[in-house]
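> Could you have a look at this structure, given as structure tokens, before my questions?
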Ligand SMILES: NC(=O)c1ccc[n+]([C@@H]2O[C@H](COP(=O)([O-])OP(=O)(O)OC[C@H]3O[C@@H](n4cnc5c(N)ncnc54)[C@H](O)[C@@H]3O)[C@@H](O)[C@H]2O)c1
Ligand SMILES: O=C(O)[C@H](O)COP(=O)(O)O
């Protein structure tokens, strides 16, 4: 029986920002070496990242393509917090690096800061406090308005949007919102009536945004949408700089169309242009939404525990780019992953071509593999594209790499009741089709068929394997065996096809690889060897 595979091995982690000390402690207690370095310049990070297989950041470290490019052994980027917009997730994915976050650790803190800003805007708390510090007693200037009975528009009804809604309802606010994913009946169950943005803008006294920053949310509130709002609407952004267009906000504040803004986040942090921050109707914080002891403790612990669980092969939690890998964290599925990779490698060796593969088609059979075609196809691609390098294809980047290489992936499942489950991998290369059929028996991945030849004895897919295609004859085995003996290669086992007619594939388990397959040429039509 093979030992349980550790899907990702992490030995050295760099923490590049102020993360709760529990993070370091948990990692160290689990045998991971930790270096903490704050305020590194980009050049310093680029120079040092090659020494680490894990990187833990918050929002200030920009994990750009050039940082990732310099990271020769990086396996995981852990975000102790929610937003991963400071990480080039696409580039990390293509390099096979897992990106994970701790999305609920700071939800309450961010929601509470949002509510604080909404309340402070309604009563000019900050402006009044600043005025008092200058020894003024101005009761008229800071006339406010009740929140009670007012309408709050919440754009983005995820974790934080929901918490803001339920808290502001306790002030008697009507909460309306918009979210393209959260179903209206779900948000209705916590008191938020959903509607289109067109309907929402003119109804709001206050608007708060809680979406990620992405092309579809950049500039959600802009000159056009501000014009549709009630005059004097107040806005809060505790999500990401740029969701409310900063230039449009300044224009709306100057014209009075916007009556006040509470900003925790900015397009540039710290901002180079302070005009918004200095506007008298703006109250702002230097990205403090998650800056509470509780949120930091949760995020620091969560990211460390997630990494430890991943290394131990227990679970993959919080990964934003490794859904395929996440579905392989059971000991059963790990042997199937080995099978998929091994079959990919066998097909690569037997197709003996460096030409690009046109398609890979995975067919699973049997109830136990009903949901496995996804990771089996990724595993087969890993085997097909593998060059045996540590940072080569893996289950994180297999599909993007397949797409980049022009490979079409097809997956299908047949309901035929096959107790053990089987997986067929078909690849087309240079107009020829190659197929392998395999299974897992007693936790060992085995090959049952190769290119239509059904093996009499299933081939255990590990060690050194020699495949050859030839017409059956009584001399074939002794002749091949004598070539192996001449090369001092010992044979462990031999399996022939069940069919005796025509050219068939044979497989030998061998102690070491043959130096040169040329010596087999007079005996066989095709030959391939590999170490699985
Ligand atoms: N200021 C801080 O320190 C702080 C702290 C935590 C989180 N955040 C940020 O807050 C934001 C929300 O975090 P969350 O945990 O609630 O995320 P979440 O994923 O739970 O919720 C985001 C919601 O936005 C919705 N959405 C996506 N596109 C949308 C669109 N075009 N219009 C409306 N809704 C859209 C999604 O469907 C989702 O429901 C993120 O940007 C996060 O980075 C900031
Ligand atoms: O997305 C987040 O989690 C917040 O913006 C918090 O960022 P921080 O960890 O840098 O405070």
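The values are calculated or read from the model by the stated rules, or taken from the named source; none is laboratory data. As the structure is a prediction and not an experimental result, all values here were calculated from the model. For neighbour counting, all protein chains shown are included, and Cβ atoms are generated from backbone atoms with ideal geometry for every residue, glycine included.
> Out of (1) over 26 Å from residue 125 (Cβ atoms); (2) within 16 Å of ligand 2 (Cβ to nearest atom); (3) touching a helix residue (DSSP H, G or I) at 6+ places or on another chain (Cβ under 8 Å), what's the single condition that is false for residue 271?
(1)
> Looking only at the stretch 114-160, count how many residues are touching a helix residue (DSSP H, G or I) at 6+ places or on another chain (Cβ under 6 Å), buried (at least 19 other Cβ atoms within 10 Å of the Cβ) and assigned to a loop (DSSP other than H, G, I, E, B).
Residues meeting the conditions: 2.
> Picking from 18, 59, 41, 22, which residue would you name as being without any contact (Cβ under 8 Å) to a residue 24 or more places away in the chain, at negative phi and not assigned by TED's automatic domain parsing to the domain that holds residue 443?
Testing whether each residue is without any contact (Cβ under 8 Å) to a residue 24 or more places away in the chain, at negative phi and not assigned by TED's automatic domain parsing to the domain that holds residue 443 leaves just 41.
> Those residues that are more than 14 Å from ligand 1 (Cβ to nearest atom) and surrounded by fewer than 16 Cβ atoms within 10 Å (Cβ to Cβ), I need them from the stretch 282-308; list them, please.
Result: 293, 297.
> Taking the stretch 499-532 only, how many residues are closer than 21 Å to residue 458 by Cβ, part of a loop (DSSP other than H, G, I, E, B) and modelled with pLDDT of 90 or more?
2
> If you don't mind, there's one more thing I want to ask. Pick from 364, 328: which is assigned to a strand (DSSP E or B) and within 28 Å of residue 414 (Cβ to Cβ)?
Among 364, 328, only 364 is assigned to a strand (DSSP E or B) and within 28 Å of residue 414 (Cβ to Cβ).
> Inside the stretch 270-281, can you point out the residues that are within 15 Å of ligand 1 (Cβ to nearest atom) and surrounded by 13 or more Cβ atoms within 10 Å (Cβ to Cβ)?
Across the stretch 270-281, the qualifying residue is only 271.
> Please list, ordered by residue number, the helices (runs of 4 or more DSSP H) wholly in the stretch 195-262 having 2 or more residues that are without any contact (Cβ under 8 Å) to a residue 40 or more places away in the chain and surrounded by 22 or more Cβ atoms within 10 Å (Cβ to Cβ).
By residue number, 246-255.
> Could you look through the stretch 77-92, keep only residues that are touching a helix residue (DSSP H, G or I) at 6+ places or on another chain (Cβ under 6 Å) and touching a residue at least 40 places away in the same chain (Cβ under 8 Å), and pick out the one that is farthest from ligand 2 (Cβ to nearest atom)?
Taking the candidates together, the pick is 92.
> For residue 110, indicate whether it is under 29 Å from residue 259 (Cβ atoms), modelled with pLDDT of 95 or more, surrounded by 24 or more Cβ atoms within 10 Å (Cβ to Cβ) and within 14 Å of ligand 1 (Cβ to nearest atom).
Taking the combined requirement at face value, the residue satisfies it.
> So, residue 248, is that one in the same structural domain as residue 153 (by TED's automatic domain parsing) and in contact with a strand residue (DSSP E or B) (Cβ under 6 Å, 6 or more places away or on another chain) or not?
No.
> On to the next question. Exactly one of (1) in contact (Cβ under 8 Å) with a residue 12 or more places away in the chain; (2) part of a helix (DSSP H, G or I); (3) surrounded by fewer than 18 Cβ atoms within 10 Å (Cβ to Cβ) is unmet by residue 419. Its number?
(2)
> For the stretch 274-291, name all the residues that are more than 20 Å from residue 142 (Cα to Cα), within 16 Å of ligand 2 (Cβ to nearest atom) and free of Cβ contacts under 8 Å to residues at least 24 places away in the same chain.
Hit for the stretch 274-291 is 286, nothing else.
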